[in-house]
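Everything on this sheet refers to the single structure shown next.
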Amino acid sequence: MAEPLPGARPAAARRATAPARPAAARRSPPTTAPKAPRVAYVVSRFPKLSETFVLYEILAVEEHGVEVEIYPLQRERAQTLHLEARRLVERAHFTPLLSGEILRSHAHYLRRRPLVWLRTLYDLVRCNLGSPRYLGGALAFFPKAVHLARRMAEDGVDHVHAHFASHPAAVAFVIHRLEGIPYSFTAHGSDLHRDQHMLREKVAEARFVVPISEYNRRAIVDACAGEHAAKLEVIHCGIDPEVFRPAPAQGLRAADAPLRLVCVGTLHEVKGQGVLLEACRRLAERGIAFGCDLVGEGPDHARLARQAEHAGIADRVRLHGACTREQVAAIVREADVAVVPSVPTRDGRREGIPVALMEAAASGKPVVASRLSGIPEAIEHAAQGLLFPPGDAEALAAALEALASDPGLCARLGAAARKRMLRDFDLRANARTLAARFAEGARS
């Protein structure tokens, strides 16, 4: 029997059996509620400001009775932190990449399950050959994954859920191999489309898989040559419509008033802010009044600031930097139009359905977005917003010009966008579905 880890509570202590009862009582139907599943969330970095969908999903599934333990692969050191993340950080299981305790976990499995340990490492290497990034990640996180398997077994984890089809799903795969704990993973955007090494194997051994869009579901089915389709269930990431809500009722914006644009997201090529600034330059050339708020931080901050300066629109563009959810909601609420100009990048990065799009739509804003990946599943062209070809600055400028000249169209699209979010992208409703799958998939 495995020796308990320091500070771990033996599973038997947590699941102590009730006193013996008469045979007749034992035959009676149980009157107590089923045990809440204990689910381990494996995430790449925590707490990451831009990954609010992970943070608030955890809180929402806990509202539906799931016991969540958080096992980040790396600790994110950020100056700005969501208030709700603070208490989760205090209880998250942060571990180093290598330590004496980790080495003892490897010795534990090499003594008791050497063939399983060797086969798992062999499969990680074999399945990731040809992908330096995935192979490097598999080898870097394998020591930690083995240790987490032992910790989760000691902690009585019933199910493992990984966010992202990349390194977190590979870690869940290792845990399942070593301890038999069932796992699932959510496939978002670049984690699925940029590199599909080992995807078939991860899907094959998962209890179920959560693509966040139908587009992603089809991509996984194609990658798996049609196998395991029954394991795939589209569950959208969700937003809280009480936080992201329309501004108080007010009259229509005057047609000659400046159009207030907002774009929320990491300042990175894949988010397409450069395309938006080029479209803004064209609006300025046409004499259209506007202001543009870029919310978020990232590697392209300096480049975007220079682009705005060179385009002569720096006085109309504000770069807010990193903001909390409440700050984002307030900025979006003051805007007239939300822009989501995502583009596929040269190295294969690609959006799924950006959470910023859902937040803006729930706030009652018309969304102008790229016709890319799963975005058309959330925003139907001319129904809840306007779609344009990715990277086409002229098409984006034309869409913004149309909205600038027609405040009534803005209002109609914005109202329809909120209804769409309430119907299919409500955080608590979608978390209820996910919590039910955790309960079904948890081992007895």
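Sort 305-317, 209-221, 408-420 by packing, meaning the average of other beta carbons within 10 Å per residue, with the highest value first.
209-221, 408-420, 305-317
When the Kirkwood hydrodynamic radius is evaluated over all pairs of different C-alpha atoms of the chain, what value in angstrom, to one decimal, is obtained?
23.4 Å
Among all the aspartates and glutamates, which ones have a C-alpha under 15 Å from residue 419's C-alpha, if same-chain residues fewer than 8 places away are not counted?
240, 242, 359, 377, 380
Karplus couplings for the range 105-118 from phi (6.51 cos²θ - 1.76 cosθ + 1.60, θ = phi - 60°), rounded to Hz, Gly and Pro as x?
Calculated HN-Hα couplings, in order: 5, 5, 4, 4, 6, 5, 7, 9, 9, x, 5, 5, 4, 5 Hz.
Could you check what % of the DSSP bridge pairs in the range 259-424 are antiparallel, to the nearest 5?
Percent antiparallel among DSSP bridges in the range 259-424 is about 5.
How much length, in nm to one decimal, is gained on full extension between residue 419 and residue 221, taken as 0.36 nm per residue of separation minus their Cα-Cα distance?
Between residue 419 and residue 221, full extension yields an extra 68.3 nm.
Determine the calculated [θ] at 222 nm for the chain from helices alone, applying -39500 (n - 2.57) to every DSSP H run no shorter than 4 residues and normalising by the residue count; nearest 500 deg cm²/dmol.
When only DSSP H runs of four or more count, the value is -14000 deg cm²/dmol.
Taking 0.36 nm per residue of sequence separation and subtracting the Cα-Cα distance, how much length would be gained by fully extending the chain between residue 440 and residue 113, in nm to one decimal?
114.9 nm
Output wanted: per-residue J couplings in Hz (rounded whole) for the range 343-349, from phi through Karplus 6.51 cos²θ - 1.76 cosθ + 1.60, θ = phi - 60°, x for Gly and Pro.
Computed from phi, the couplings for the range 343-349 are 9, x, 9, 5, 8, x, 5 Hz.
Can you grab the distance from the C-alpha centre of the range 369-444 to the C-alpha centre of the range 287-328, Å, no decimals?
One Cα centre to the other: 23 Å.
Could you state the per residue volume, in Å³, of the convex hull enclosing the Cα atoms of the range 35-134?
Expressed per residue, the convex hull around the Cα atoms of the range 35-134 is 157 Å³.
Mind checking which of 434, 244, 383 is farthest towards the positive end of the chain's charge dipole, using Cβ charges of +1 (Lys, Arg) and -1 (Asp, Glu) about the Cα centre?
Result: 434, furthest along the dipole toward the positive end.
Please list, in chain and number order, the residues 5+ apart from residue 318 or on another chain whose amide H is under 5 Å from its amide H, with Hs placed from the backbone.
Here 292, 293, 294 satisfy the definition.
Please list the non-local residues whose amide H lies under 5 Å from the amide H of residue 380, H modeled 1.01 Å from N, same-chain partners needing a gap of 5 or more.
385
Pop a pseudo-label 7 angstrom from the Cα along the beta-carbon direction at both residue 133 and residue 204 and give the gap in nm to one decimal.
With each label placed 7 Å out from Cα toward Cβ, I get 2.4 nm.
According to the square roots a ≥ b ≥ c of the eigenvalues of the Cα gyration tensor, what is the shape class of the range 160-283, taking rounded for a/c under 1.5, prolate for a/b larger than b/c otherwise, and oblate for the remainder?
prolate
Return the lysines within reach of residue 231: Cα separation strictly under 25 angstrom, same-chain partners fewer than 8 residues apart disregarded; answer none if there are no such residues.
Counting by Cα, and skipping residues close in sequence, residue 231 has these lysines nearby: 35, 202.
What list do you get for 183, 122 if you sort them by fewest beta carbons within 10 Å?
Taking fewest neighbouring Cβ atoms as first place, the list is 122, 183.
Would you kindly state how much longer the chain becomes between residue 75 and residue 90 on full extension, computed as 0.36 nm times their sequence separation minus their alpha carbon distance, in nm to one decimal?
4.2 nm
Based on the alpha-carbon gyration tensor of the range 77-138 and its eigenvalue square roots a ≥ b ≥ c, which shape applies: rounded if a/c is under 1.5, prolate if not and a/b is larger than b/c, or oblate?
In terms of gyration-tensor shape, oblate.
Against the 2.2 N^0.38 Å scaling, with N counting residues, where does the range 242-282 land? I'd like the Cα-based Rg ratio to two decimal places.
Ratio of Rg to 2.2 N^0.38 Å for the range 242-282: 1.58.
If I histogram all Cα-Cα distances within the range 127-207 using bins 5 Å wide from 0, what percent of pairs lands in each bin?
Computed distribution, short to long bins: 3, 17, 28, 26, 16, 7, 2, 0.
How large is the direction-averaged shadow of the alpha-carbon convex hull of the range 259-424, in nm²?
Spelled out: convex hull of the Cα atoms, projected over all directions, averaged, 8.5 nm².
Bear in mind that the values in this text are calculations on the coordinates, not laboratory data. In this text, all values refer to a predicted model and were calculated from it rather than measured experimentally. Every residue, glycine among them, receives a Cβ derived from its backbone with ideal geometry; neighbour counts consider all protein chains shown.
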